[in-house]
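Everything on this sheet refers to the single structure shown next.
What follows draws every value from the coordinates through simple rules; no lab data is involved. These numbers were taken from a predicted model, which means no experiment stands behind them. Every residue, glycine among them, receives a Cβ derived from its backbone with ideal geometry; neighbour counts consider all protein chains shown.
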Amino acid sequence: MHPIFQNWKFFLLYLSVWLPLGAILGVLISVAGSLRTMETAAIIVPVIVVLDFVCLSPWYVCRALPLRSSGAPRLLGQHVLAAMVVAGGVLLIARLSASGFSGIFPGLDRRFVAAQPVLSVMVAMIYLLSIAMHYVVIEAQTSRRSELLAREAQWRALKAQVNPHFLFNSLNSISALTSSDAGRAREMCIRLADFLRTSLRLGERPSIPFREEMELTRMYLDVEQVRFGRRLRLHEDLEPACDECEVPALLIQPLVENAVKHGIALLDEGGEILMLGRRVREGLLFSIENPYDPQAPASRSGIGLANVRQRLEARYGSAGKLEVEASDDVYRVTLILPSRTLG
Amino acid sequence: MKAVIADDEDLARGVVREYVLRECPEMEIAAECSNGFEAVKACGECKPDVLFLDIQMPKLDGFEVLELIDARIAVVFVTAFDQYAMRAFDAAAVDYLLKPFGVERFRAAMEKVTRRVGEERPASLPVDLKNAARPVGEYLERVVVKDGARVHVIPAGKLDYAEAQDDYVGLRSEGRTWLKQQTIASLEAALDPKRFVRVHRSYLVNLERITRIDPNTKDTWLAVLADGSKIPVSRGGYTRFNALVRG
């Protein structure tokens, strides 16, 4: 339903806008057709009654044809065509009332002919204006919604950051090292602190350069490296051109965490995580690949991925992509972001 | 006393080892295992009195290990926070240690172990523990059974049917029958009710395997499976089957 009906105050306000609009239209046609006040009213009142409802219809049209969906000429063409149809329909109603009231106001239908062009043009323009207004409203709504979603996702990502499993296992590693290798224990404390601090700092910003996200990812992997030792092996293949690409903060790190938690951690011998970064036509391509045990007890990896997917959608609509491929023993997640270069 | 430590992280095993050596000089560490298979194997071979068991491990998780080992072994879970597992610990484990844990906490656990060594695990069977630890709406994707000293994993999709046999269930999969100590009711509770239907007091059948249902006597039917085997179907089972198939 059109949002204007959600609150009767808005609806009344909307209707009241039509009073001056109707007055202006009335003045125009009464001048063009030399009509008297009552004659003008007989034509204008039904026209306005119909028009104020017709001008709510763009709500549906505009959502079906989002601004970015197709080329500007096509979009404009479609709306101009719709405006012409609306003008035609309204003109028909005006003519019907003109001839209907001819009995009371002799010669009204004849004199109205002279006012037809100005009425049609005005109606078409009012309709086009309502389309423009609707686009503005829809745009404002979408951006508010995506901002909300992004904030929520960020909060969740942050919460996931200090994922209790990761934190407690890391603390346990530190506890193990204190007696065997105090130096390494201290080093691990520092790595963990670095990671937590950085993720808190980055989480406050909506976008960060890819380079910074990868630094955070490395801090995370540094900590996990202590836990998993040689079971966790890394290979990075990142094009320097990706460095300054803009990415949503903390979007990639959860993917890396998934690769460790659901891949490496459940493999006896561990394995190599391969991270790939490329500049592509669409923007930035990032993929992460890890070996996994297809026989392993099912784990809840879906939640993290769903979260990433949701954030992508809120941020980029259909332009951001997240693809998941699972072969016999390799799991690959590919991310494509329509990324601008920062700075 | 003999102990086995099962954890996939070297450092995590190190903590337990260190505490055992320092606090329980009379205790011998018979084996250290880095995955679930090894843990089951070591428990069979070394016959330990106590098993320190992590939950998330390669091959088999801690709950699966628990299902497959001798019920007399005193199990101490050693794990990081797990919201689902927590509530289940009390049931089958002597104690649980949450990583990281201090030496006092370890001593307390060892006191419980000493008191309980040799006693049979009371309370519920470990398979029910696993059910309790699973979040609502998630079902077992696989069933683990012991095959001599080895562990066999039956993916849920490859399980044809299960038959109750006293304290055991016979699990029919790929032309073989595996015996597992479990009640058919707890197996039924663990498997996805949309895929497995209890057609009879003693039979739980994989819906995908049923090719047709023939009338047998008044009030009983026979389910004919893809491999030709015939499973008795009770009146209640017939109703459940129909309810499931008709959605």
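Structural remarks
- Chain A: angle of helix A:37-54 to the longest principal axis, Cα-based, in degrees nearest 10: 20 degrees
- Mean Cβ neighbour count within 10 Å, used as a protection proxy, ranking B:179-186, B:206-213 highest first: B:179-186, B:206-213
- Using just its DSSP H runs of length 4 or more, each adding -39500 (n - 2.57), chain A gives a mean residue ellipticity at 222 nm of -21000 deg cm²/dmol after division by all residues.
- Remark: mean inter-chain Cβ contacts per residue of A:259-270 equal 3, using a 10 Å Cβ-Cβ cutoff to other protein chain atoms.
- Residue (of A:GLN78, A:SER143, A:ALA185) at the positive-pole extreme of chain A, dipole from beta-carbon charges: A:GLN78
- Each peptide in B:219-225, A:231-237 gets a packing score, the mean of other Cβ atoms within 10 Å over its residues, and the list from highest to lowest is B:219-225, A:231-237.
- In this Cβ point-charge picture (+1 for Lys and Arg, -1 for Asp and Glu), the protein assembly as shown has a dipole of about 2380 debye about its Cα centre.
- For chain A, a crude dipole built from +1 on the beta carbon of Lys and Arg and -1 on the beta carbon of Asp and Glu, taken about the Cα centre, is about 1240 debye to the nearest 20.
- Note on chain B: helix-only mean residue ellipticity at 222 nm, from DSSP H runs of 4+ residues weighted -39500 (n - 2.57) and normalised by residue number, equals -9500 deg cm²/dmol.
- Here's the picture: a label point sits 7 Å out from the Cα of A:ASN163 along the beta-carbon direction, and within the range A:316-343 the residues with their amide nitrogen under 16 Å of it are A:331-333.
- Candidates B:PHE106, B:PHE52, B:PHE37: whichever shows maximal mean-square fluctuation once chain B is modelled as a Gaussian network with Cα springs under 10 Å: B:PHE106
- Charge dipole (debye, nearest 20) of the range B:157-247; +1 at Cβ of Lys and Arg, -1 at Cβ of Asp and Glu: 280 debye
- GluC sites (Glu not before Pro) within the range B:1-47: DSSP coil, no more than 10 neighbouring Cβ in 10 Å: B:GLU26
- Listed residue (B:ALA74, B:GLY236, A:PRO164) projecting farthest to the positive dipole end of the protein assembly as shown, Cβ model: B:GLY236
- Between helix A:8-33 and chain A there is an angle of about 40 degrees, using the helix long axis and the longest principal axis of the Cα atoms.
- Euclidean distance of C-alpha centroids, the range A:3-73 and the range A:229-281, integer Å: 56 Å
- From the largest down, the range A:162-337 spans 52, 38, 27 angstrom on the principal axes of its Cα atoms.
- Local net charge near A:PHE101, Cβ-Cβ under 10 Å (Lys/Arg +1, Asp/Glu -1): -2
- Residue among B:GLY170, B:GLY137, B:GLY14 with the largest mean-square fluctuation in a Gaussian network model of chain B, springs linking Cα atoms under 10 Å: B:GLY137
- For residues of B:3-11, the mean tally of beta carbons on other chains within 10 Å: 5
- Gained length - A:GLN78 relative to A:TRP8, 0.36 nm times residue gap less alpha-carbon distance: 22.1 nm
- Among A:ARG63, A:ARG211, A:ARG309, residue whose mean-square fluctuation peaks in a GNM of chain A (springs only between Cα atoms under 10 Å): A:ARG63
- Peptide B:53-63, shielding by other chains (average Cβ, 10 Å cutoff): 4
- Using alpha-carbon coordinates, inclination of helix A:302-316 to the longest axis of chain A, degrees: 40 degrees
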